[in-house]
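The values are calculated or read from the model by the stated rules, or taken from the named source; none is laboratory data. Just so we're clear, the structure is a prediction, and the values are computed from it rather than from any experiment. Every residue, glycine as well, gets a Cβ built from its backbone with ideal geometry; the counts of neighbours run over all protein chains shown. Surface accessibility is based on the protein's heavy atoms, side chains included, excluding ligands, DNA and RNA. Shrake-Rupley method; radii C 1.70, N 1.55, O 1.52, S 1.80 Å.
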Amino acid sequence: MLSFRLYEKDDQPFFEKLIQDSIAWQEEECSVSDLASYMQKYDMMNGQWTLWSKGEKPIGIAFTVDWAPSNEKPWIGTILVDGRARRKGYGKQIVDQIADRYKQEGHDVLFASVPLQRIEWMQFWAMCGFEQFKVEENNRNEPYMVMTRPL
């Protein structure tokens, strides 16, 4: 089982490395130079950034929101796994542990969304038990697939 803790300012170099290792994430979310403003935008959502580790080795970072204004349900907003640790099941473990926490708290569903053109990302969420729910547009009029995972 992976362990997690709240993200701290000292974790920024690891987050920057994750961003540098993921061109697709940079294209969709932000570059290293935009990380501070990106995280500041997420501060207004009252969610939490978490650092996930196996033993002492950091594996990934996630952002979750316990209550989203769009539907009053929990969401996973971001999950990013170290490039060297991808395709080894760590991302799914992170998602499963997040889902278990929400289930224990009495929630019955968990949401995530994916840019419609990121088929590989949708496949990841599907492997984590998420189902396609509907297509919506973000604030830039780009289509996103909203996905749900029953808990």
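Under the rule a/c < 1.5 gives rounded, and otherwise a/b versus b/c splits prolate from oblate, where does segment 34-86 land using the Cα gyration tensor? Prolate is the answer for segment 34-86, as a/c is 1.5 or above and a/b outweighs b/c.
Hey, what do the phi angles of segment 78-89 turn into as Karplus ³J(HN,Hα) couplings, whole Hz, using 6.51/-1.76/1.60 and θ = phi - 60°, x for Gly and Pro? Ordered by residue, 3J(HN,Hα) equals 8, 9, 9, 10, 3, x, 6, 9, 6, 6, 10, x Hz. With a ≥ b ≥ c taken as the square roots of the eigenvalues of the C-alpha gyration tensor of segment 1-64, please select rounded if a/c is under 1.5 and otherwise prolate if a/b is larger than b/c or oblate if it is not? Cα axes put segment 1-64 in the oblate bin. The residue among Tyr90, Ile61, Val114 whose Cα reaches farthest toward the positive pole of the charge dipole of segment 11-151, with charges on the beta-carbon of Lys, Arg, Asp and Glu, is Tyr90.
With the helix formula -39500 (n - 2.57) applied to DSSP H stretches of n ≥ 4, the chain reaches a computed 222 nm mean residue ellipticity of -9000 deg cm²/dmol.
Computed in the context of the full set of protein chains, the accessible area of the chain at 1.4 Å probe radius has 50% of its extent on carbon or sulfur.
Note on Gln20 and Asp100: with the Förster distance fixed at 25 Å, the Cβ-Cβ geometry gives a FRET efficiency of about 0.25.
With both bridge residues required to lie in the chain, what share of the DSSP beta bridges run antiparallel, to the nearest 5%? Counting only bridges with both partners in the chain, antiparallel ones make up about 95 percent.
In this simple spin-label model, placing a label point 7 Å from the Cα along the Cα-to-Cβ direction at both Cys30 and Lys92 gives a separation of 3.1 nm.
For the chain, the solvent-accessible area works out to 58 Å² per residue, with a probe of 1.4 Å and every protein chain left in place. Packing, taken as the mean count of other beta carbons within 10 Å per residue, orders the peptides 128-136, 34-42, 47-55 from highest to lowest as 47-55, 128-136, 34-42. In summary, the lysines within cross-link reach of Lys54, defined as a Cα separation below 16 angstrom excluding same-chain residues under 8 places away, comprise Lys88, Lys92. First check a/c for the chain, with a ≥ b ≥ c the square roots of the eigenvalues of its C-alpha gyration tensor; if it is under 1.5, answer rounded, and if not, answer prolate when a/b is larger than b/c or oblate otherwise. Rounded shape, in that the Cα axes give a/c under 1.5.
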